[in-house]
Amino acid sequence: MTRDTIVLGAGMIGTSIAFHLARRGRSVVLVDRQAPGRETSFGNAGIIQREAVRPHAFPRDIATLLRVLPNRRIDIRYRPQGMLAAAGPLWEYWRNSAPRAYAEIVPEYASLIMRCTEEHQVMLEAAKAESLVRKEGWLEGFRSPRVFDEQLAIARDNEARFGVTYRALDRDALKAKEPHLSDELLGAIHWTNAWTVVDPGALVQAYARAFEAQGGHLEQVEAQRLEQTATGWRLTTASGRLEAEELVIATGPWSHHWLQPLGYHLPMFPKRGYHMHYDTRDDARLNHWLMDFESGYLLAPMQAGIRLTTGAELTTLEGPARHGQLDAAEAVARRLVPLGARRDPEPWQGNRPCMPDMKPVIGPAPRHAGLWFAFGHGHQGFTLGPVTGRLMGEMMSGETPAVDMTPFRAARFAGGR
């Protein structure tokens with residue numbers, strides 16, 4: 001059966017695109033080897049980050065680089081093979097993090113982030129999944145007055161330029177919200193127009209059910225080969241062939257597997273993250289998602305327990321798991337929150353698909369009619385899935401997109417032309 005569209009990849013990005021295309025009356029099949037939301041979209045911190053209007057820049061000051069060099073930090077670690085494999089993209093990442101280049105990137109990136117909650121709301125209502133979402137914001141805690149003041153200054157600028165809302169909490173105000181914390185944090189920023197999700201994987205699954213309710217079809221099967229035909233695209237899978245007029249590649253960090261045979265060599269690289277769930281001791285509670293900013297980990301009170309997520313590890317997709325970063329984060333977190341036993345038999349790991357200019361690739365393939373790209377969302381794929389879905393739906397339907405899509409074209413990279 002020939003369909004209008006195949007969407008390859010059923011994470012938050014691909015599921016959202018499939019939803020918006022089906023909503024426009026298209027015949028859509030969503031294909032993934034896993035059930036929806038079981039890869040990178042499953043293991044994130046579960047925040048729809050309306051405040052995250054500035055992407056994660058590469059550190060450029062000597063003091064920070066010297067602190068990273070011993071490779072014992074919680075927020076960032078590296079593996080030599082990962083650094084070598086991504087040397088070119090990391091060099092460009094460093095260059096794009098220079099003040100002038102970064103200042104140009106921020107408003108482009110923010111144009112997506114500023115729409116994240118309103119676009120999630122559209123899909124939440126269709127999926128009847130409001131019970132999974134809390135609209136109470138989250139907390140970013142600080143240990144030193146200097147860093148706290150620096151981040152408050154950035155928050156004020158983000159409020160004025162991009163509509164971010166927040167409250168500054170001193171130690172007493174923070175303790176009022178989180179009475180079971182130790183006194184290690186001197187205060188926090190409460191990001192008030194961000195949302196949190198108690199089960200990220202379940203939210204993607206709810207969105208996938210909403211896609212199916214609109215007539216979409218879900219295929220859980222291993223995709224094997226992609227080829228262009230006279231009338232569109234053919235995807236060969238372990239169970240047969242699927243054909244469509246158009247095809248969307250939304251396979252996150254695995255997208256290069258499909259791009260390279262077609263002659264696209266985009267400079268994407270992975271940042272790995274780990275998580276573990278915990279009990280609490282002595283009936284303690286954590287009421288809000290809480291990031292220990294200067295340490296570089298986050299605690300999230302989810303349905304599965306208190307989820308501790310690490311910062312980033314620069315490695316390869318196939319690199320072996322190393323749990324030292326998670327162990328180090330746990331040791332610090334136990335001094336802040338009365339964590340109990342680990343709940344999971346092994347730590348989870350996942351890979352964020354990152355681009356050297358910190359912006360995703362969203363839009364048509366430059367050299368192949370009917371082929372579309374949607375990947376490279378870095379730390380914010382979970383946040384930006386519905387925004388990306390709407391924009392892709394608009395572009396693929398010939399509508400004027402709600403955001404200027406020029407900054408997100410694949411052709412901005414030499415290997416994408």
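Laboratory data are not the source of any read-out in this text; all were calculated from the coordinates shown. A quick note: this is a predicted structure, and the numbers were derived from the prediction, not measured. Using ideal geometry, Cβ is built from the backbone for each residue, glycine included, and neighbour counts are taken over all protein chains shown.
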Checklist outcome for this item: For the chain, the Cα-Cα pair-distance distribution in 20 Å bins from 0, as whole percents, is 27, 59, 14, 0
Checklist entry - Leu152 versus Lys128, label points 7 Å from Cα toward the beta carbon: distance in nm? => result 4.6 nm
Item to check | Proximal aspartates and glutamates to Lys359, defined as alpha-carbon separation beneath 14 angstrom and excluding residues fewer than eight positions away on the same chain | outcome: Glu92, Glu104, Glu108, Asp404
Checklist entry - Tell me, what does the Kirkwood hydrodynamic radius of the range 128-281 come to in angstroms if you use every pair of distinct C-alpha atoms? => result 20.5 Å
Item to check | Mean projected area in nm² (Cα convex hull; one quarter of hull surface) for the range 195-286 | outcome: 10.0 nm²
Item to check | Over the range 30-162: Kirkwood hydrodynamic radius from C-alpha pairwise inverse distances, Å | outcome: 18.3 Å
Checklist entry - In degrees from 0 to 90, rounded to the nearest 10, what is the angle of the helix 200-213 Cα long axis to the longest principal axis of the chain? => result 30 degrees
Item to check | Gyration tensor over alpha-carbon atoms, the range 160-242, equivalent ellipsoid semi-axes in Å | outcome: 49, 16, 14
Item to check | Distance between modelled label sites at Val221 and Glu243, nm, 7 Å Cα→Cβ extension | outcome: 1.4 nm
Checklist entry - For the chain, with the dipole built from +1 on Lys and Arg beta-carbon atoms and -1 on Asp and Glu ones, taken about the Cα centre, which of Gln205, Thr316, Ser27 lies farthest toward the positive end? => result Thr316
Checklist entry - Separation of the range 143-200 and the range 1-72 by C-alpha centroid, Å? => result 25 Å
Checklist entry - Against the longest principal axis of the chain, how steep is helix 145-162, in degrees 0 to 90 to the nearest 10, with axes from Cα atoms? => result 40 degrees
Checklist entry - Which net charge results for the neighbourhood of Asp4, defined as the other residues with beta-carbon distances under 9 angstrom from its beta-carbon, given Lys and Arg at +1 and Asp and Glu at -1? => result 0
Checklist outcome for this item: Connecting every pair of Cα atoms under 10 Å apart in the chain and solving the GNM, the largest mean-square fluctuation among Pro366, Pro253, Pro270 falls on Pro366
Item to check | Computed magnitude of the charge dipole of the range 167-264 (debye, nearest 20; Cβ of K, R +1, Cβ of D, E -1) | outcome: 40 debye
Next on the checklist: Ignoring everything except DSSP H segments at least 4 long, calculate the 222 nm mean residue ellipticity for the chain; use -39,500 (n - 2.57) per segment, divide by total residues, nearest 500.
Outcome noted: -10000 deg cm²/dmol
Item to check | Thr383, Thr400, Thr231, Thr15 arranged by Cβ crowding within 10 Å, fewest neighbours leading | outcome: Thr400, Thr231, Thr383, Thr15
